[in-house]
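Contents: one structure, followed by commentary.
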Amino acid sequence: MFQTRGSFRGSRGTSFAQLLMKNLPASSQPTESCEPLSTSNGPGKDVFDHRVRGHAVKPKVSPKTLIDRYRQGETNGVSLLHQLAQILQFHLEIKETVTTGNVPGLYFAFRVVIDGVEYETGMGTTKKEARLKAAVLAVQDLLPTLENLNSVLPEASDVPPPLPVKEQTSISDIHPCRAIHERKNSVNLQIPHAVRDRLTKLMNSHPEFSACAGTTAAFIIQTSGGCEVVAIGTGDFNTRESASPSGRIVHDSHAVVTARRSLMRFLYRHLLMFFSKTANLTEKSIFQQNSSNALLSLRDGITLHLYVNQLPKGAAQIPSKLRLNPLSIAAWQVNNEISLHLSVEGKVFSVFSSAFDHSVSKVVSMSTTDKLTQWQVLGYQGALLSHFIEPIYVQSILIGDSSCTDIRGMEISVSQRVEGITSQLPMFYCMMRPHISLVPSVAVSSTDSGHLTYGINWSEGDSSLEVVDGLEGRTVEESPFKSGSALASRLCKAAMLHRFKLVAKEAQRQDLLATSSYREAKRMAKPYQEAKNVLRAYLLQQGFGSWLVKLSVSDNFSM
């Protein structure tokens, strides 16, 4: 399923699909040739506009052929972009910009801009190298979308188009954009179907826990071979236990948080496969080695998606009236709704709210919406995994909430609150805007009203699911999987540190093996910590409030 090549660095494919929908030729009738407006527009900036009036020329070389040549090393990224711009008629810029983060030495930086959509910054010791790197990064983002759109891309032909005849015209002939939209809708349908199938199999094996699936989240990996669910989490509670000095209590058991920690277990499993001495396992891993740096990345053609069956708690649930008629409400109410939020025993409060008593000793976490905002900037891998891999972002967030009709609050909170932060982040980090959409709900029928505080977790490769009591933060006695008599969950921090040490050993990272505590291992991930500090300062500066600072005692443990 995962034997595919290359890397996924947080695709902007959705934006590119939109510009393709706008620019794809509607006819193959001949017209005047496409010429670049200019080959330069001031220092350090290449500008090509390949859009023309009238109908488009039938290309002599198809996009698929160009992509194949690129993959075979017969052409470079810059040439590929210019050729695609001519065929697909979009405005292409490769412009010089500033370096991101604290990069030592003299580096040049360039960025590809396609019809106003900016892609990741490429850096190099020469302008040529930086421009080529920027092109390669943009192409890596675009390839999954281009490959999925092959059926509506123009094909190469030197033969004149046939005379028109009376026949049923296909949608893609009249409205290429509609064909692309329907293709994307098809993918959006595949994902909830895959989640439902996986959840049904798990619940059929353990029907006594079917009531635990009320609030569900899942991570899905999509390749050319289809969609596969790799991590599932359910639940809706924070623990009532105090912070654990041993790292063996799960403090936040909300579905998305549980699914994300299950995803991390999946990533650790594939890192162990990559670093194994067995070639067969390495080839099956979703990771590949980069030539430009020591960090691994996902292979090309692999994209990550998140499914949730309920609109996340927090700013995503901003009332409709605040968006439709903002002048009719007080400014403080707007601030409360779109601010950062705290989650306490299933209830959510704005960080500006006076209703929450901060003096009361309770386990508090940031809301699920705020955590999604953070992960779309820092990546879903967390601090420990960032020692080994580049940030991993989701391309789309699919909401299967049958009672939800408006996702504007989700878009505001996850994307718009942190717009403009990318230039302040260290290398490899960026604000990755996910495509957010409503999809059919995934529901597993249950007549059992018990186990309301229970949540389940599972990741690809697990032999069985684990059931955790969200209020206790521990595995329940009747759980199909138990790690030991102490009932510590396989998702707890101590379990994650154990996996981290295993990978560090396989990767021969003595510096990481020498770490004395979970806290130290996290602090050593300096680019990640820098990005986290930038994000929290940015949110505070923009008026969304202060991020909750965890008690250091909860991370100050060792194996």
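Of all residues in the range 338-362, which are at pLDDT below 85, out of contact with any Lys or Arg (no Cβ under 7 Å at 6 or more places or on another chain) and at negative phi?
347, 353, 354, 355, 356, 357, 358, 359, 360, 361, 362
Which condition from (1) surrounded by 23 or more Cβ atoms within 10 Å (Cβ to Cβ); (2) not in a loop (DSSP other than H, G, I, E, B) is the one that residue 312 breaks?
Among (1) surrounded by 23 or more Cβ atoms within 10 Å (Cβ to Cβ); (2) not in a loop (DSSP other than H, G, I, E, B), residue 312 violates only (2).
Quick check on my filter: what residues within the range 503-559 are at positive phi and either buried (at least 17 other Cβ atoms within 10 Å of the Cβ) or among the charged types (D, E, K, R) (or both)?
Within the range 503-559, 545 is the sole residue that qualifies.
Pairs under 8 Å by beta carbon, first residue without any contact (Cβ under 8 Å) to a residue 24 or more places away in the chain in the range 68-80, partner small (Gly, Ala, Ser) and surrounded by 14 or more Cβ atoms within 10 Å (Cβ to Cβ), six or more apart or different chains?
Here the result reads none, with nothing in the range 68-80 linked to a residue that is small (Gly, Ala, Ser) and surrounded by 14 or more Cβ atoms within 10 Å (Cβ to Cβ).
Would you tally the residues in the range 395-416 being buried (at least 22 other Cβ atoms within 10 Å of the Cβ) and either out of contact with any strand residue (DSSP E or B) (no Cβ under 8 Å at 6 or more places or on another chain) or without any contact (Cβ under 8 Å) to a residue 12 or more places away in the chain (or both)?
2
From 452, 471, 438, grab the single residue that is under 18 Å from the mean Cα position of the chain (by Cα), surrounded by fewer than 21 Cβ atoms within 10 Å (Cβ to Cβ) and among the hydrophobic types (A, V, I, L, M, F, W, C). Step through it out loud before you land on a result.
On the way: 452 fails: under 18 Å from the mean Cα position of the chain (by Cα); 471 fails: under 18 Å from the mean Cα position of the chain (by Cα).
None of the other options fit; the residue is 438.
Could you go through the range 457-466 and let me know if any residue there is under 25 Å from the mean Cα position of the chain (by Cα) and surrounded by fewer than 17 Cβ atoms within 10 Å (Cβ to Cβ).
yes
Just need a number here: residues in the range 523-549 that are in a loop (DSSP other than H, G, I, E, B) and free of Cβ contacts under 8 Å to residues at least 40 places away in the same chain.
The qualifying residues number 1.
Hey, does the range 264-282 have a residue that's open to solvent by 40 Å² or more (accessible area, probe 1.4 Å), outside any helix (DSSP H, G or I) and not β-branched (Val, Ile, Thr)?
In the first step, residues of the range 264-282 are kept if they are open to solvent by 40 Å² or more (accessible area, probe 1.4 Å); the result is 269, 272, 275, 277-281.
Filter once more, so that each one left must be outside any helix (DSSP H, G or I): 277-278.
Filter again for not β-branched (Val, Ile, Thr), leaving 277.
Among the residues of the range 264-282, at least one is open to solvent by 40 Å² or more (accessible area, probe 1.4 Å), outside any helix (DSSP H, G or I) and not β-branched (Val, Ile, Thr), which makes the answer yes.
The values are calculated or read from the model by the stated rules, or taken from the named source; none is laboratory data. What you see is a predicted model; the values in this text were computed from it and never measured. Positions of Cβ are backbone-derived with ideal geometry, glycine not excepted, and every protein chain shown enters the neighbour counts. Note: accessible area is taken over every heavy atom of the protein model, side chains too, but ligands, DNA and RNA are not part of it. Shrake-Rupley method; radii C 1.70, N 1.55, O 1.52, S 1.80 Å.
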